[in-house]
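As structure tokens, the structure follows; a few thoughts come after it.
The values are calculated or read from the model by the stated rules, or taken from the named source; none is laboratory data. Just so it is clear, the model here is predicted, and its values are computed rather than measured. Note that we place each Cβ from the backbone using ideal geometry, even for glycine, and neighbour counts take in every protein chain shown. Accessible surface is based on the protein model in full, side chains and every heavy atom, while ligands, DNA and RNA are left aside. Shrake-Rupley method; radii C 1.70, N 1.55, O 1.52, S 1.80 Å.
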Amino acid sequence: MGRLGVVDPSSYSQPDLITTEHSALNWKVDFGATKIQGSVLHRFKVLTANLDKILLDVRDINVTNATLLAGGTMPSMILGQKLTLELPSGTAKGSLNVRIDYETSSSASGLQWLNPTQTLGKEHPYMFSQCQAIHARSVIPCQDTPAVKFTYDATVEHPSELTALMSALIDKKEPGKTLFKQEVPIPAYLVAIAIGKLVSRPLGENSSVWAEEAIVDACAEEFSETATMLKTASELCGPYVWKQYDLLVMPPSFPFGGMENPCLTFVTPTLLAGDKSLADVVAHEIAHSWTGNLVTNKNFEHFWLNEGFTVFVESKIVGRMQGAKELDFKMLSNLTDLQECIRTQLNKTPELTKLVVDLSNCGPDDAFSSVPYIKGSTFLRYLEDLFGGPTVFEPFLRDYLKKYAYKSIETKDFQSALYDYFIDTDKKDKLSAVDWDLWLKSEGMPPVIPNFDESLANVTKELASLWSSKSVAELADSAEIKKTISIHQLIDFLGKLIESKDIVDLNESKINLLESTYNLKSSKNAEVRFRLNRLIIRARLIKRLDEILEFANSNFRMKFCRPIYRDLAGWPEAKPAAIRNFANVKDQMMAVCSHAIEKDLGLK
Ligand SMILES: CC/C=C\C/C=C\C[C@@H](O)/C=C/C=C/C=C\[C@@H](O)CCCC(=O)O
Ligand SMILES: [Zn+2]
């Protein structure tokens, strides 16, 4: 790929020379052709005199016409990975409007189209977008870089029996046409749309949950803590500027746990555990309303500024609601997952275990892992402890968020915020204690593990060591395994067991004992089912392969299906069936997911 731009290696669009201020979208959503047809009218601000061309990011977009509205001649276009709009010589600094007529491809990487049979209601089609990191360019010819933030409005024509939602406020609703407005500037990756047979239930004053009718009441119950989470987050981070906070519970093919689309978080239905135990993903997405959506990474090399901060705030929300021990347990549990990710997903690309990565020759989707999330939040907790704990660090966090709200920043901006805040205080000696290079540039696990409260994690550590070191007969006699543990401890314990180097007697009887001891067979919790399936694979129980594949087909959240396929790829007896299964279902996956699994299965 090479280093394309100084500001963002993943974009052609030269945000140092020109920036988008506002985009007006006019879309006809064609479910028959699985395409969006229409136009975008960009209002650009030209930052340099005599700019000769505008470069926009595009992927699989068919541009039919482009018009410079503010004088000048018709630009010519060269389509490819970049759309070049040539400007008349002598173009001055200032405002410039360009309208582009276009249609998306039916295989646009940022869109998914479901036919009625793939929905719960089975009667109506559904479509949705997922633009992070750089898929907005398959939906809109645009400056697809988080260095550029713009407001947008949209007029969307769609089948009148369906509801259209966007990452914006609804401005007007007519039969078959919905108008939207996002008045807070956002990066292109936060433009989002979903259209389906959707209904809503209220969650709070400015908050509702949307889903298909069959599950909407269960969703309202599962996410009933949303308003409390929002309030807690605002107390921590400052005023909530987006006016509305809605959740949309997506079809199972949604590839992520949640996506922080402004005004309308998208969440996976795999959070519906029936006991609110997985609702911390909502706390995470709410936290993004500040960390990520208001203060945004300038490019995806600094993704930890979005995700590390978000996990840090998420864990504080959880801590405020469930107590300090739960907070620390969550941070420690995350470290178990990070260990697994470094050992498996990133074992051939250790450079991607750095907090700040080099994306000159790597697409953001390929670099994605839990490192920015967990190493990033561990770094912030380390800094919090170093500077004197939450009473000192939380006021700094608010100051940082206020200082960079509405901006796009790099890691050095965070460094300077920390220096500016503490340099004239009695904490200034702590600034020189931070080994920035060690934290930002070294590979592997975090260089320092903070002093977390280990009381909840010790229980799971002991259980994992018991289950890995004892035989089935010894375990059956042990009183230890009969002790009650929380659902979060169960998830963490299973994760630790997966991470155990040796598991004595890992066979059918041990899996049976595990299942009966913790009622795993009846568990609706996707995190539990995911880990259990991985243990069944590790136990090489070939007769349970159908069950494993059934789980892999029940949702296409990459966090779950990728490790399952990776594990199956390492099991020669099961690999052919895994490949066959993948071939049967891959068309139901988003491109980001099917491409990743092709790699996991060694098909690419
Ligand atoms: C260092 C990595 C650089 C760039 C990666 C950025 C984006 C990659 C892309 O694949 C999109 C990611 C979107 C993530 C959305 C939500 C996550 O928080 C979900 C985490 C996993 C899960 O819970 O399912
Ligand atoms: Zn996130």
> Do we have any residue at all in the range 366-385 that's within 16 Å of ligand 2 (Cβ to nearest atom) and over 24 Å from Ile317 (Cα atoms)?
Replying inline: yes
> Does Lys461 satisfy being among the basic types (Lys, Arg), surrounded by fewer than 17 Cβ atoms within 10 Å (Cβ to Cβ) and within 26 Å of Leu494 (Cα to Cα)?
Replying inline: yes
> Of all residues in the range 340-372, how many are part of a helix (DSSP H, G or I), open to solvent by 60 Å² or more (accessible area, probe 1.4 Å) and closer than 27 Å to Phe493 by Cα?
Replying inline: 1
> Before we move on, is Leu198 surrounded by fewer than 24 Cβ atoms within 10 Å (Cβ to Cβ), touching an Asp or Glu at 6+ places or on another chain (Cβ under 7 Å) and either free of Cβ contacts under 8 Å to residues at least 24 places away in the same chain or outside the structural domain of Ser109 (by the TED database) (or both)?
Replying inline: yes
> For the range 326-343, does any single residue satisfy the condition of being of a type in the set (S, T, N, Q) and over 25 Å from Asn451 (Cα atoms)?
Replying inline: no
> Just a yes or no: is a residue in the range 211-222 open to solvent by less than 10 Å² (accessible area, probe 1.4 Å) and within 14 Å of ligand 2 (Cβ to nearest atom)?
Replying inline: no
> Given the structure, is Glu301 in contact with a helix residue (DSSP H, G or I) (Cβ under 8 Å, 6 or more places away or on another chain), charged (D, E, K, R) and modelled with pLDDT of 95 or more?
Replying inline: no
>> Restricting to the range 86-112, give me the number of residues that are within 26 Å of the chain's Cα centre (by Cα) and open to solvent by 40 Å² or more (accessible area, probe 1.4 Å).
In response: 2
> Going by the conditions given, is Leu490 assigned to a helix (DSSP H, G or I), under 18 Å from Ala539 (Cα atoms) and in contact with a Phe, Trp or Tyr (Cβ under 8 Å, 6 or more places away or on another chain)?
Replying inline: no
> What are the residues in the range 284-309 that are touching a residue at least 60 places away in the same chain (Cβ under 8 Å) and either in a helix (DSSP H, G or I) or within 8 Å of ligand 2 (Cβ to nearest atom) (or both), if any?
Replying inline: Ile286, Phe300, Glu301, His302, Phe303, Trp304, Leu305, Asn306, Glu307, Gly308, Phe309
>> So if I check each of Lys330, Lys325, Lys354, Lys316, which one is away from ligand 2 (no atom under 15 Å from the Cβ), basic (Lys, Arg), over 21 Å from Asp435 (Cα atoms) and assigned by the TED database to the domain that holds Pro390?
In response: Lys325
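Residue-wise test of (1) out of contact with any Phe, Trp or Tyr (no Cβ under 6 Å at 6 or more places or on another chain); (2) within 16 Å of ligand 1 (Cβ to nearest atom).
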position: Ser360; (1), (2): yes, yes
position: Arg381; (1), (2): yes, no
position: Phe396; (1), (2): no, no
position: Glu410; (1), (2): yes, yes
> Taking the stated definitions as given, is Asp337 within 16 Å of ligand 2 (Cβ to nearest atom), open to solvent by 30 Å² or more (accessible area, probe 1.4 Å) and out of contact with any strand residue (DSSP E or B) (no Cβ under 9 Å at 6 or more places or on another chain)?
Replying inline: yes
>> Kindly evaluate Thr310 against the criterion of being among the polar types (S, T, N, Q) and assigned by the TED database to the domain that holds Phe393.
In response: yes
>> So if I check each of Leu179, Leu278, Leu247, Leu203, which one is within 16 Å of ligand 1 (Cβ to nearest atom), part of a strand (DSSP E or B) and at pLDDT 95 or above?
In response: Leu247
> Restricting attention to the range 390-432, and to residues there that are open to solvent by 30 Å² or more (accessible area, probe 1.4 Å) and of a type in the set (Ser, Thr, Tyr), which single residue is farthest from Phe300 (Cα to Cα)?
Replying inline: Thr425
> When Leu190 is evaluated against the numbered criteria (1) without any contact (Cβ under 8 Å) to a residue 60 or more places away in the chain; (2) touching a Pro at 6+ places or on another chain (Cβ under 8 Å), which criterion, by number, is the only one it fails?
Replying inline: (1)
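Just name the residue that is nearest to ligand 1 (Cβ to nearest atom) out of those in the range 290-304 that are closer than 12 Å to Pro9 by Cα and open to solvent by 10 Å² or more (accessible area, probe 1.4 Å).
First, the residues of the range 290-304 that are closer than 12 Å to Pro9 by Cα: 298-302.
When the remaining residues are screened for being open to solvent by 10 Å² or more (accessible area, probe 1.4 Å), the result is 298, 300-302.
Values: Lys298: 12, Phe300: 4, Glu301: 7, His302: 9 Å.
Looking at the filtered set, the residue picked out is Phe300.
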> Given the structure, is Lys325 out of contact with any helix residue (DSSP H, G or I) (no Cβ under 6 Å at 6 or more places or on another chain) and surrounded by fewer than 23 Cβ atoms within 10 Å (Cβ to Cβ)?
Replying inline: no
> Counting just the residues of the range 255-280 that are among the aliphatic types (A, V, I, L, M) and more than 9 Å from ligand 2 (Cβ to nearest atom), which one comes out most open to solvent (accessible area, probe 1.4 Å)?
Replying inline: Leu272
>> Looking at the structure I just gave you, is Phe128 open to solvent by less than 10 Å² (accessible area, probe 1.4 Å), touching an Asp or Glu at 6+ places or on another chain (Cβ under 8 Å), in contact (Cβ under 8 Å) with a residue 24 or more places away in the chain and assigned to a strand (DSSP E or B)?
In response: no
